[in-house]
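Here the structure comes first, spelled out in structure tokens, and everything after it is commentary.
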Amino acid sequence: MKQLSLIASLCAISALASAECPSYLDQDLRKLHSQDSVNLCDSFGGKPMLIVNTASHCGFTPQFKGLEELHNEYAARGLVVLGFSSNDFNQEASDEASAAKVCFVNNGVSFTMLAPTHVRGDNSNPVFRALGEATSPPSWNFNKYLVDKDGRAVAHFGSRVTPQSEELRAAIEELL
């Protein structure tokens, strides 16, 4: 009986957390080169996030290594790094296997990478539509959006702001 009560309590807590998560994050999104999906609210709700639109054949692609460093440095303090693969700027690999190789093999990415999606324009996914409305839409690959634990976009950084930049790191520190 105690076990059933514990399960009911955990379900209630999960439902409450989902109710507080903004609808734009309550999305089931497929992971890069995988059949597995992740619901952003269920997996990352209540945590600050750094959300980035990425491409595997861009001059800014070396930023994957810096994003991985941020992930390794700040994950223990609650920061979630999320990469959204996109070909909106015509610089993504032609297939997901190649994009996955660039991310996971060439750059050692261990943070969550999502399957290719639109990040700007009328077809943009709900996450980037909301981030673009709250700040500004990505003008190129590797735009970075800081989102607080309540799901509010608090800062937007363009492609030229690297993961190692003092500007981005200071904003992350302030958020945490």
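What follows draws every value from the coordinates through simple rules; no lab data is involved. None of these values were measured; they are calculated from a predicted model. Methodologically, a virtual Cβ is constructed for each residue, glycine included, from the backbone with ideal geometry; neighbour enumeration extends over all protein chains shown.
Using R0 = 22 Å, the C-beta based FRET efficiency linking Lys47 and Glu166 works out to 0.40.
Extending 7 Å from Cα along the Cβ direction at Ser136 and again at Asn106 yields two label points whose distance is 2.9 nm. Can you give the local net charge around Cys21? Use residues other than it whose beta-carbon is closer than 11 angstrom to its beta-carbon, Lys and Arg +1, Asp and Glu -1. Charge balance in the 11 Å sphere: -2. Each Lys or Arg adds one and each Asp or Glu takes one away; over the other residues whose Cβ falls under 11 Å from the Cβ of Gln63, this sums to +1. For a straight C-alpha distance cut-off of 20 angstrom, the aspartates and glutamates reachable from Lys31 (same-chain residues fewer than eight places away being disregarded) are Asp42, Glu68, Asp88, Glu92, Asp95, Glu96.
Once Cα Rg over 2.2 N^0.38 Å is calculated for the structure shown, the corresponding label among [x] 1.16; [y] 0.98; [z] 1.05 turns out to be [z].
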